[in-house]
Amino acid sequence: MKDKKNLNSNSNSKPWRPFTTTCCTAEDQTIFGNISRCRPSKSEFSKNIAPLPSFRRLSFSDLSRSSSIRINEDLAQSFGSDLYDFQLSELRAITQNFSSSFLLGEGGFGTVHKGYADDNLRPGLKAQAVAVKLLDIEGLQGHREWLAEVIFLGQLRHKNLVKLIGYCCEEAERLLVYEFMPRGSLENHLFKRMLVSLPWGTRLKIAIGSAKGLAFLHGAESPVIYRDFKTSNILLDSEFNAKLSDFGLAKMGPEGSDTHVTTRVMGTYGYAAPEYVNTGHLTTRSDIYSFGVVLLELLTGRRAMDKTRPKSEQNLVDWSKPYLTSSRRLRCIMDPRLAGQYSVKGAKEMALLALQCVSLNPKDRPKMPVIIETLESLQKLTDMAVTCGQWSATPKPGRNAVASAKVGKREIRGAIYWKKSPVAASPKKK
């Protein structure tokens, strides 16, 4: 949960055909991060069910009243064999009744369970592991986002977008079935206690893959603003190919002479562009800000927002900016789990790119094709910090004890780490 010169198309995909919707607008209340997602209660949801016109004319402001029967008919008519319409009983069977033993994760949408679909489940569906997302009707997100996910992933096909296999809509139940991504999310690899840290080359590969997914969305015939680019929404397959997931907040970009889309603020603290948070003006450059934040997370191994740290270090963008313009300063904030095994020049170029992406002036942010070209050029670099004076070489045998006693270092796997991290120190002037 994969390089294209033409980012607007894919040889195995259909052209992007937008539905006539006011995608993912929420007229009820302001929505942001983990704050209320304007969800109806189960009782309200049941009261509001009523037939609506053809699916292609559905407005997202009407979704809470849509009939599950009519939605199934409209979805089937719109997507045909591209998406499977599963029954709830089938999804219960392949997940062992949504067993906790099969639980992959849990969020505002609900729970995600692993399942196994054999080749007898549906004609044409190959046997494979799948991920089944079960909507919590009483939760923070809901029917609007479920249908947005079906609309976008039902039409969009790209190697760096997670594949939606099918859906289930029975009365108040809403489920989505995706391809299974065995490596989980980038968030887990960066911030959870994994046995092995992501190497520099893998981090670069993930950055390039996710950039290509975002470029595909921005370069579509009718541009799509992802609006929720973050590490938890970047999923990884067995070869660490990155794929974007969770399109519940995606929105159609501005049309004609419009420069932006004005909408309620939705997203995640730390990743959302400042101008969007302040004004509600949404553009593709809002996604580029979020991409820059993820680059900083890849470099530092720190979260975009971390309330457990001192106040001056809680916001990753604000804290890291003074360190990003020189290799010497950058060394102080590089992820210690990299053990100095990273390209000095590559890290500096990525840091400068991230700095451009998180510029307060949206017009100064680079576009996705430029970002991809920059990141791909870093793949050839082989200079490593442990051999370039950025990290001291391992002392010769017999001097280890003396060196360790004098400078307070410890040796691990041929590289030397400072016992006391220098990241808390203020950056020195060049």
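The values are calculated or read from the model by the stated rules, or taken from the named source; none is laboratory data. Keep in mind it's a predicted model, so treat the numbers as computed, not measured. As a convention, Cβ positions derive from the backbone with ideal geometry for all residues, glycine included, and neighbour counts pool all protein chains shown.
Listing for the model above:
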item	result
Conditions (1) assigned to a helix (DSSP H, G or I); (2) crowded, with 20+ Cβ neighbours inside 10 Å; (3) not basic (K, R); number of the one not met by G201	(2)
Some residue of segment 336-356 being over 20 Å from G201 (Cβ atoms) and not charged (D, E, K, R)	yes
So H218, is it in contact with a Leu (Cβ under 9 Å, 6 or more places away or on another chain), farther than 21 Å from Y271 by Cα and crowded, with 20+ Cβ neighbours inside 10 Å	no
Residue that is surrounded by 22 or more Cβ atoms within 10 Å (Cβ to Cβ), farther than 29 Å from L282 by Cα and either under 16 Å from the mean Cα position of the chain (by Cα) or at pLDDT below 85 (or both), where the choices are M181, M194	M181
Output for segment 340-351, where each listed residue is surrounded by 19 or more Cβ atoms within 10 Å (Cβ to Cβ) and not hydroxyl-bearing (S, T, Y)	G340, V344, G346, A347, K348, M350, A351
Residue in segment 312-339 that is surrounded by the most Cβ atoms within 10 Å (Cβ to Cβ), counting only those that are charged (D, E, K, R) and within 26 Å of M266 (Cβ to Cβ)	K321
